1. With a Förster radius of 35 Å, plug the Cβ-Cβ distance of Glu325 and Ser295 into 1/(1 + (r/R0)^6) and report the FRET value to the nearest 0.05.
2. Please give the length that would be gained between Asn30 and Asn201 if that part of the chain were fully extended, namely 0.36 nm times their separation in residues minus their C-alpha to C-alpha distance (nm, one decimal).
3. Per residue of the stretch 242-254, what does 6.51 cos²θ - 1.76 cosθ + 1.60 with θ = phi - 60° give for ³J(HN,Hα)? Whole Hz please, x for Gly and Pro, Karplus curve as stated.
4. Which residue, Lys241, Lys100, Lys112, has the most motion in a Gaussian network model of the chain that connects Cα atoms within less than 10 Å?
5. Where a ≥ b ≥ c are the square roots of the eigenvalues of the C-alpha gyration tensor, would you call the stretch 134-269 rounded, which needs a/c under 1.5, or, failing that, prolate if a/b is larger than b/c, or oblate?
6. Evaluate the distance, in nm, between pseudo-label points positioned 7 Å from the Cα of Glu148 and of Glu90 along their respective Cα→Cβ axes.
7. Which FRET efficiency, nearest 0.05, do Leu360 and Gln56 yield, Cβ-Cβ r, R0 51 Å?
8. Between Arg49 and Glu104, what is the label-point separation in nm under the 7 Å Cα-to-beta-carbon projection?
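No value in this document is a laboratory result; all are computed from the given coordinates. Worth saying up front: this structure is predicted, and the values here are computed from it rather than measured. Please note: Cβ atoms are built from the backbone with ideal geometry, for glycine as well, and neighbour counts cover all protein chains shown.
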Amino acid sequence: MTLQFVYNGQDFVTEAQRSSGNGLAPEPSNFDLTIQAGWSDRMNRGLFRYHLDGLQTRIMPGPHGYVAQLNIQRGLQRRKPEEILSIKQEFNANQFNFNKIDPEEVIFEMTKVVEGRKEKGQLHERWRVVVLVNVSPLEFGHCLFVQEPSCCLPQVLTSFSIQVGIESVLLSSDPGFRVGFNSLGAFASVNHLHLHGYYLNHELQIESVPVKLLVPEKGFYRLLDFPAGFLFYTESECVVKVARAICQVTDFLVESNTAHNLFLTRGSPPSDQIQDEKDHCSRKGVRIAVWPRTSCFGAKDESAFNVALCELAGHLPFKNKKDYELSTEKDVKDVIERYLLPEAEFHTLEQHLTRHLTDL
């Protein structure tokens, strides 16, 4: 019988901190313990395509502090990705999807209990969220959050799935737990709605990079550093409202045929300047970065340095030793630049999104 993980708003960890020195790791939450135990059990039972030990890691010299990791097996052993031809491609039951996995890969099903009356927009019991291991992991604890697999939803975000992603980060006491999403055309490998979750025990600049406020009523910001993108922020009290606003942006991107990646992580409150030590280390809330980008269609080359949710956030999984050892920050930025929207196109999109969110 599948393990049930039941939670409510009181389970959110609201006092997370990013250590400024060599502080002790935070006490794992019940959510962390459940994912980590289930993931390690499946690894020990040989359900993955390869065994993942501690990955060789280096911090690239340079102002961006890119976290490079060597993961050769992911490039060699990963399942062949589905050929993607459109951002709005329909679900195809004949292709691989999460209804075809080994049931042993499921760690648990998530259910949220809302005390008192059920608030509009909250998690509904008719939706299941199935959490399963990613059998081609890029880091420790790499799992997938799949919204009601039997509904066969395509890889297009819903307000519900965004809410699940944010709440999963809030359920973890570890500031290194990340959640992300690749749209079709942005290196999603499976056209069946899912988000990624994994642990990365290194600070990323996206956790504290300065931002500019664009639409105050929606909490919509623009990132003030490379790569160009947008940001939302929420603490535990405003998750539903922010999830809806994010979905308004991603719906706009889908309708305009703009591929996009999202990265959700514990982060400091938004600011347009470099913060003091206290604010910089605060991780009470969740930062949600949204990067519109150029579309990449056809079958994904698994040996290449493909720019998706990790790479845009500053986490660089390399699939060969030479690139891992020799690549510089400039090399990485040059590759990422090729996947971003041209500057003029990005600014036009920013204007359209700002007007769109203001009018709603």
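1. In this case the efficiency is close to 0.65.
2. On the way: separation 171, 0.36 × 171 = 61.56 nm, distance 1.85 nm.
Separation in residues times 0.36 nm, less the Cα-Cα distance, equals 59.7 nm.
3. 5, 4, 5, 5, 4, 5, 4, 6, 5, 4, 4, 5, 5
4. Between Lys241, Lys100, Lys112, it is Lys100 that shows the largest mean-square fluctuation.
5. Working: a/c = 1.45, a/b = 1.13, b/c = 1.29.
Cα axes put the stretch 134-269 in the rounded bin.
6. That separation, rounded to one decimal, is 1.9 nm.
7. Numbers: r = 46 Å, r/R0 = 0.91.
In this case the efficiency is close to 0.65.
8. In this crude spin-label approximation the distance works out to 1.8 nm.
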